[in-house]
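These notes are about the structure you will find just below.
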Amino acid sequence: MDKLLIVGGHPLHGEIRISGSKNAALPILASTLLTETPMLIKNVPHLRDITTMVGLLGRMGVEVTVDDKLNVLVDTRTINSYSAPYDLVKTMRASVLVLGPLLTRFGQAEVSLPGGCAIGSRPVNLHIQGLRQMGADISVENGYIRARAERLQGTTLYLDLVTVTGTENLLMAAVLAEGATIIENAAKEPEVTDLAKCLSSMGAKIQGAGTDTIEIQGVERLLGAEYEVLPDRIEAGTYLVAAAMTGGYIKLKSADPHSLDAVLAKLREAGAHINTGDNWIELDMRGRSLRAVDIHTSPYPAFPTDMQAQFCALNAVAEGISTVTETVFENRFMHVQELHRLGANIRLEGNTAICTGVKQLYGAPVMATDLRASASLVLAALVAKGETLVDRIYHLDRGYECMEEKLTQLGGEVRRIP
Ligand code: EPZ
């Protein structure tokens, strides 16, 4: 199991390129199942979760080739199975995103129930409820979702909770359904909007993506398209926090500042000087002191839950006392006990972490538990005195492309130990 060995104390300085968004690439790769003509997806990040999704499509008989520029060519004409087996789904819950496309295109799907994960039970009841309301016959037995439908019927769906992949699954189901579908209380994340833009380029008729209400007019068929995935806002936010914590300077190229308003506002409140352009973001923290900031996670456009762990690390070394409240997932503070090992002073009270900034963290062996928690441990290690060994970094590899190379490029002392 790979580990990262990090020696803290180096202010980060330099430029890096932000990769394509994992959470946009995953639904967009699933959307290729909606058409029998080939699709070319560009700017796909080279991540473990992407490899899993490509493997899942391959397992169905779909032809997937990756060219030297990491563009992914998908041809579903050879599909011979409509099943997503447990051994793949258990490694990546986002595999459930093939349910909507398979059902609306082929009238059948057999998808393993995604297990829970470290951050919560993460049920998919809203995905299933929505598809049933569209006329699907769905049974959930011995760990599998078995779905059948002659042709899904458009209808009005009201989502009890804002769910990102739930919205994405139902959006993909609706584009080939009979008649009009309205999704109320839809997720507004940029990744949902990116999926909608991709579907529209395939000929789907969608209005209102990025708002609470998405209206879809079902069509008979979609055509393959070329589509470039938007930049990963969480990767961008993570490196901005790294530069802020280490008192350095960073310029992110191929980044999208418009998808990070809440995060940029919090970084400015923490004392960072930030400039942005159409596709770049720069942050300067040299000679400035880091101030603790209160965080309250909520669905987009509010502060993203995927940046919560990173701001716990920032608050651990910032001046002052702050609160970090997690409202989206029920168990997303696994990083706190590991940060304690580095000397952080954070107290948990229900879904709120109370952080008291300390002058110095000290290196120690720590263990990653989930994707964004592992990122927060790396951030803390970059400022901790001495050596930190972060174990189980396969969690990191799921969502961050070449993190050790990017951090080394920025002057960090980071080495991968096999
Ligand atoms: C997506 O997960 C992201 N994953 C997550 O990113 C992200 O943290 C999350 O959205 C919230 O922004 C992908 O896009 C692949 P939800 P998702 O459905 O769709 C409850 C990362 O770090 N819920 O929006 O699974 C659920 O339990 C990952 O890259 C139901 O109760 O999250 C949670 O409490 C981690 N029933 C809340 O809604 C359902 O049917 C929001 O979950 C669906 C969701």
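So who's got an amide H within less than 5 Å of the one on L113, skipping anything under 5 residues away but keeping other chains? H placed 1.01 Å off N, in plane.
Y144, I145
Percent of accessible area on the range 10-92 owned by carbon and sulfur, 1.4 Å probe?
That fraction is 54 percent.
Obtain the nm distance between the two label points defined at E184 and R268 by a simple spin-label model: each point lies 7 Å from its Cα along the Cα-to-C-beta direction.
My value for the distance between the label points is 3.6 nm.
Would you mind classifying the range 280-418 by shape? Square roots of the alpha carbon gyration tensor eigenvalues, ordered a ≥ b ≥ c; an a/c under 1.5 is rounded, otherwise it is prolate if a/b is larger than b/c and oblate if not.
Rounded is the answer for the range 280-418, as its axis ratio a/c remains below 1.5.
For the range 231-357, what is the convex hull volume of the alpha-carbon atoms per residue, in Å³?
Dividing the Cα hull volume of the range 231-357 by its residues yields 88 Å³.
Accessible area per residue, 1.4 Å probe, Å², for the range 251-298: what's the number?
45 Å²
If each residue of separation counts as 0.36 nm, what is the full-extension length gain between H46 and Q360 once their alpha-carbon separation is subtracted?
Here the segment from H46 to Q360 would lengthen by 109.6 nm.
Could you pull out every residue, at least 5 positions away or on a different chain, whose amide H is within less than 5 Å of the one on E15? Hs are placed 1.01 Å off N in the peptide plane, and Pro or chain starts have none.
Distant-sequence amide H within range of E15: K251.
When the distances between all Cα atoms of the chain are binned every 20 Å from zero, what whole-number percent does each bin get?
For the chain, the binned pair fractions read 28, 55, 17, 0 percent.
Rounded to the nearest 5, what is the percent of antiparallel bridges among the DSSP beta bridges in the chain?
Percentage antiparallel, nearest 5: 70.
For K385, go through the aspartates and glutamates and keep the ones whose alpha-carbon is under 17 Å away, minus same-chain ones fewer than eight residues off.
The reachable aspartates and glutamates, counting only those whose Cα sits under 17 Å from K385, are E338, E413.
Positive end of the dipole of the chain, charges at C-beta (+1 Lys, Arg; -1 Asp, Glu), about the Cα centre: which of V44, S200, G350 has its Cα farthest in that direction?
G350
Give the carbon-plus-sulfur fraction of the accessible surface of the range 193-245 in %, rounded to a whole number; probe 1.4 Å, heavy atoms of protein chains only.
Taking all protein chains in place, the range 193-245 shows 46 percent carbon and sulfur surface.
In Å², what does the accessible area per residue of the range 6-116 work out to with a 1.4 Å probe?
Counting only protein heavy atoms, the per-residue value for the range 6-116 is 34 Å².
Mind checking the range 269-331 for GluC sites (Glu not before Pro) that DSSP puts in a loop (not H, G, I, E or B) and that have at most 14 other Cβ atoms within 10 Å?
E330
What net charge is computed for the residues neighbouring L99, neighbours being all others with C-beta under 13 Å from the C-beta of L99, Lys and Arg scored +1, Asp and Glu -1?
+3
What's the center-to-center distance, using Cα atoms, between the range 236-270 and the range 170-230 in Å?
30 Å
Assuming R0 = 35 Å, what is the FRET efficiency of E15 and H296, from their Cβ-Cβ distance, to the nearest 0.05?
Once the sixth-power term is evaluated, E becomes 0.65.
Counting pairwise Cα distances across the range 1-81, what percent come out greater than 19 angstrom?
Percent of Cα pairs beyond 19 Å in the range 1-81: 46.
Based on the Cβ-Cβ distance from L73 to R132, what FRET efficiency comes out when R0 is 30 Å, to the nearest 0.05?
That pair, L73 with R132, gives E of 0.30.
State which entries of K3/K253; K69/K251; K3/K42; K90/K406 exceed 26 angstrom in Cα-Cα distance in the structure shown.
Pairs exceeding the cut-off: K3/K253; K3/K42; K90/K406.
Run the accessible area of the range 300-381 with a 1.4 Å probe and give the carbon-and-sulfur part as a rounded percent.
54 percent
Name the shape class, rounded, prolate or oblate, that the alpha-carbon gyration tensor gives for the range 1-44, where a ≥ b ≥ c are the square roots of its eigenvalues, rounded holds for a/c under 1.5, and otherwise prolate holds if a/b is larger than b/c and oblate otherwise.
Cα axes put the range 1-44 in the prolate bin.
Select from the range 33-77 those trypsin sites (Lys or Arg not before Pro) which occupy a DSSP coil region and have at most 13 other Cβ atoms within 10 Å, ordered by residue number.
Passing sites in the range 33-77 are K69.
Keeping every protein chain present and rolling a 1.4 Å probe, give me the accessible area per residue for the range 342-407 in Å².
Per-residue accessible area for the range 342-407 comes out at 36 Å².
Mind listing the long-range amide H neighbours of T246? Cut-off is under 5 Å, sequence gap 5 or more, other chains count too, H placed in the peptide plane at 1.01 Å from N.
L12
The values are calculated or read from the model by the stated rules, or taken from the named source; none is laboratory data. Note that the coordinates shown come from a computational prediction; the quantities given were computed from them, not determined experimentally. So basically every Cβ, Gly included, is an ideal-geometry build from the backbone, and we count neighbours across all protein chains shown. Heavy atoms of the whole protein, side chains included, go into the accessibility calculation; ligands, DNA and RNA do not. Shrake-Rupley method; radii C 1.70, N 1.55, O 1.52, S 1.80 Å.
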